[in-house]
Ligand code: OGA
Ligand code: MN
């Protein structure tokens, strides 16, 4: 197995591994160490299917339910559909395409859940000829860039993450009635720490509506400033997808966003799984 960095601050390409085959414990341990260190891992030219994708995901912990079907129909599934193609191979509705443009704001998957996702894994089956990239940035590298006053200022802060707040930015009809009923704002630490490496990071993104105990007119500029610090252009890795790409990212410390594409003209079909986090971020210690 080879590990080659893909960006100066984070991310690595892993070669010499076939994810469609069961991994032995030693190989899995190397990958587990690499994700804690590099925050995103890219495996190219994989021949995956949903069963192998789910099995690999389970190596890292519990599967997280897919939130769109869970909170709109109460249906528990574990494979999220990313792009514009449904299970039958047809284009999805215009409403769904519009709702998915919410992914074009910088975010951390499932940060709107009390227990936020640990990792997301995306497998590319069909990709547009033009555009449709995904961008990634490290909130760990960004924390290190902050001046000490800001680091101290935000250390014990709590962000309020709210899916309804972030999704309705793309349109009032981007969320369903069930989502409005069941998806409540949750509290997340603004600073998190990797339990293996001890490195700290900022935890922000589009779902953050406010900061607990701080007036909105002060909280909003701070949230914006922190997102801007994480995603400054020179620190962004933009991934141009190829069929067979399999990407894992660490939602605890990575922000990502879709770059958009012509959904009328092109097909884009990617399958996503997520590993559930171990506990509410609010219960994590930072020391
Ligand atoms: C995701 C996501 C962006 C994209 O899969 O979680 O935000 O490029 N994807 O589709
Ligand atoms: Mn996402």
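Every residue, every condition in (1) away from ligand 2 (no atom under 11 Å from the Cβ); (2) outside any helix (DSSP H, G or I); (3) modelled with pLDDT of 95 or more; (4) in contact with a helix residue (DSSP H, G or I) (Cβ under 6 Å, 6 or more places away or on another chain), yes or no:
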site: 68; (1), (2), (3), (4): yes, no, no, no
site: 87; (1), (2), (3), (4): yes, yes, no, no
site: 97; (1), (2), (3), (4): yes, no, no, no
site: 122; (1), (2), (3), (4): no, yes, yes, no
site: 128; (1), (2), (3), (4): yes, yes, yes, no
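Within region 254-287, the residues that satisfy the criterion of being part of a loop (DSSP other than H, G, I, E, B) and over 20 Å from the mean Cα position of the chain (by Cα) are 262, 263, 264, 265, 266, 267, 285, 286, 287. For region 99-115, which positions are more than 12 Å from ligand 2 (Cβ to nearest atom) and in contact with a strand residue (DSSP E or B) (Cβ under 7 Å, 6 or more places away or on another chain)? 113, 114, 115, listed by residue number.
Is region 17-30 home to any residue that is touching a residue at least 24 places away in the same chain (Cβ under 8 Å), out of contact with any strand residue (DSSP E or B) (no Cβ under 6 Å at 6 or more places or on another chain), part of a helix (DSSP H, G or I) and within 30 Å of residue 234 (Cα to Cα)? Yes, region 17-30 has at least one match. Figure legend. Inter-residue proximity from region 88-100: first residues closer than 17 Å to residue 68 by Cα and touching a residue at least 24 places away in the same chain (Cβ under 8 Å), second residues part of a helix (DSSP H, G or I) and more than 16 Å from ligand 1 (Cβ to nearest atom), beta-carbon distance below 7 Å, spacing 6+ or different chains. Indicated pairs: 95/173. With respect to (1) surrounded by fewer than 19 Cβ atoms within 10 Å (Cβ to Cβ); (2) within 16 Å of ligand 2 (Cβ to nearest atom), the lone exception for residue 249 is condition (1).
Is it fair to say residue 41 is touching a helix residue (DSSP H, G or I) at 6+ places or on another chain (Cβ under 9 Å), under 23 Å from residue 271 (Cα atoms) and assigned to a loop (DSSP other than H, G, I, E, B)? Answer is no for this residue.
Inspect all residues belonging to region 260-268 and state whether any of them is under 25 Å from residue 18 (Cα atoms) and either more than 9 Å from ligand 1 (Cβ to nearest atom) or without any contact (Cβ under 8 Å) to a residue 40 or more places away in the chain (or both). No, every residue in region 260-268 fails to be under 25 Å from residue 18 (Cα atoms) and either more than 9 Å from ligand 1 (Cβ to nearest atom) or without any contact (Cβ under 8 Å) to a residue 40 or more places away in the chain (or both).
The values are calculated or read from the model by the stated rules, or taken from the named source; none is laboratory data. A quick note: this is a predicted structure, and the numbers were derived from the prediction, not measured. Cβ: placed from backbone, ideal geometry, glycine included. Neighbour counts: every protein chain shown.
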